[in-house]
Structures are given as C-alpha cells and as structure tokens.
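Nothing in this text is a laboratory measurement; each read-out follows from the coordinates by a stated rule. Quantities reported herein were computed from a predicted structural model and do not represent experimental measurements. All Cβ positions, even for glycine, are placed from backbone atoms using ideal geometry, and neighbour counts span all protein chains on display.
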Amino acid sequence: MNENANRPTVEELMATAESKKLDVEGVKAAFEHHSAPGFADQTVRWLPESEYVHELLLSTMESVVGKGGRVLDLGSGTGRLTRLVLDRFPTCSVVAADYSQTMRNAATPELSQYGDRVSQIELDMFSSDWTTDFDQFEAVVSAFAIHHGRNLAQYKSLYRRIHGVLKPNGLFINLDHVAGQDRTQTLANASEWRDFLDEDGEIDSDRFILGSYTEDTPISLRDHGQLLEAVGFDQIEIRWQKMIFALYSGRA
Ligand SMILES: C[S@@+](CC[C@H](N)C(=O)[O-])C[C@H]1O[C@@H](n2cnc3c(N)ncnc32)[C@H](O)[C@@H]1O
C-alpha cells in the first residue's frame, strides 16, 4: 500500500480521468504514440491472475479450433494474444486486426515466424463496413481493445458484426476491462485494482488508473450480456471476473 496521506482517492482519480477523457481520435493517437506497444506485453504485472485467465481463454477455445480453423483477433496490438493462439493451436490461422499502424508494425517481426498462418490487416472494429471483407471464422477473440466502444449502441453494432463473421456455433471470447454494475461497484473494483498494482512496488498505480479511465469506456457485464443476447448470441458466459477485468464469451 502507498501510505501517502495526500494521495488522491480512486474516486478523485476517476473524476480527473473523466474530465480529461480522450475522444476517439485521441485514443487512436495514443496507440500511434511510440511508447504504446510496451504496455500490453506486461500483463503479468497489471492483470490479476494473468496466467490463469489466459490459460482459461485458450482452453475455452479448444473445442472450437483445437483441430484447426480460422480465428479473428480484434485489436491485436503487438500480436501478444495472436501468438498465444497460434502457439496453442498449431493447425489454426489468425487474422490479426488493428487500426494502429504503430501497433501493427510492432507485431510484424514476431508474427513473421508463423508464415501464412497469420495475416495482419488494418481495421477499425467500430467502423460499419468491415464484415464484408471476410470468410467466416470459427472464433473471434479480443483482449483489452473492445472497451474502446463509446456507448451501448456502438458496442451493440460491433457485436452484431462479430456475430455476422462467425460460423454457426462459432465462439466469441473477450478478456477486457469492464465496469461494475453501478458507480459504487466500479469504484470498489478500481480500488481493489489499485491495491493490487501497489503490491508490485514499482508500478505508478495512480497513473494506471488515470490512463485507463481517460482512454477506456467500459460497460458492465450485465450490459455486455444483454447486448450479446440482443444480436443473437447464445450460451453467454462470464468465465472469470476479478477487480476491473473479466473474461466472457458467447456462441453464434
Ligand atoms: C491495449 S492494446 C491490446 C493489444 C492486444 N489485444 C493484447 O492483449 O496484447 C489495445 C489495441 O486495440 C487497438 N484498438 C483500439 N481501438 C481499436 C479499433 N476501434 N479498431 C481496431 N483496433 C483498435 C489498439 O490500436 C491497440 O493495439
């Protein structure tokens, strides 16, 4: 714990973040910034139970792509999740989609070892027309990217597009930053996360909280579930939840 008496409360940090909230262009610019790629690759430091939840994500995919298939990674960033999927399922292929040139460039050297099992594409997941470009996928995966939806309508249209690119019974699975069911729960979850970050000893936890709530627009798991159901997903499951993070899935 950081015992500094002058330290802002989590509520104050979140209020500051909300007053400095980045617009859509600002978020994209942040990912184009040269220092962005390093963040996601340190998940073990800022994500509770990081190894466990990534293993859970992969084992959930087993029945769908264990014998091969096509996977779409939305907001693939440095290719971290793409590589985990390619390593775990040697007969599957991945389309790694991201709207940031900087992030795609950072992913390219590591992804090149997988040859034609992987392709990288430029795609803004919240734009309206991307579904027409694809054959259907066995699975759509994502980590720490979908939380950039700006409102329920945007999330819903994204979920409709994801449903549209999945084969029947295909899997959508997302590991992400989510909101609590109400403000009180969101604050409690963020406080718990700050305590967890403080245990690292070197992480500036207040900066992490400011950064997350300046850039992200998370919604609650209840909202995610309702939106997924509304666009036709079935078997909607919360597979894991800890602090401000969750792993949830649905079947097309
Ligand atoms: C925090 S990184 C996570 C990267 C990767 N999924 C991981 O877990 O390591 C978020 C990524 O989502 C991408 N992203 C954010 N909004 C996006 C959008 N609207 N369309 C496509 N990519 C987006 C960013 O460029 C960034 O690479």
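Relative contact order for the chain: what percent, with Cα pairs under 8 Å and sequence separation of 6 or more?
Relative CO of the chain lands at 21 percent.
For the chain, taking Cα atoms only, what is the radius of gyration to one decimal and the Dmax to the nearest whole Å?
Gyration radius and largest Cα-Cα distance of the chain: 17.7, 56 Å.
Label Lys28 and Asp195 with points 7 Å out from Cα along Cα→Cβ: what is the distance between them in nm?
Distance between label points: 4.0 nm.
According to a simple spin-label model (label point 7 Å from Cα along Cα-to-Cβ), what is the distance in nm between Glu51 and Glu110?
My value for the distance between the label points is 1.8 nm.
For a Förster distance of 45 Å, can you work out the FRET efficiency between the beta-carbons of Asn6 and Lys67, rounded to the nearest 0.05?
Step by step, r from the Cβ atoms, then E = 0.20.
Using the per-residue mean of other Cβ atoms lying within 10 Å as a proxy for protection, in what order, highest first, do the peptides 77-87, 51-61, 174-184, 108-118 fall?
Peptide ranking by packing, descending: 77-87, 174-184, 51-61, 108-118.
State the extension gain, in nm to one decimal, for the chain segment bounded by Leu152 and Gln185, taking 0.36 nm per residue of separation less the distance between their alpha-carbons.
Full extension from Leu152 to Gln185 adds 10.0 nm.
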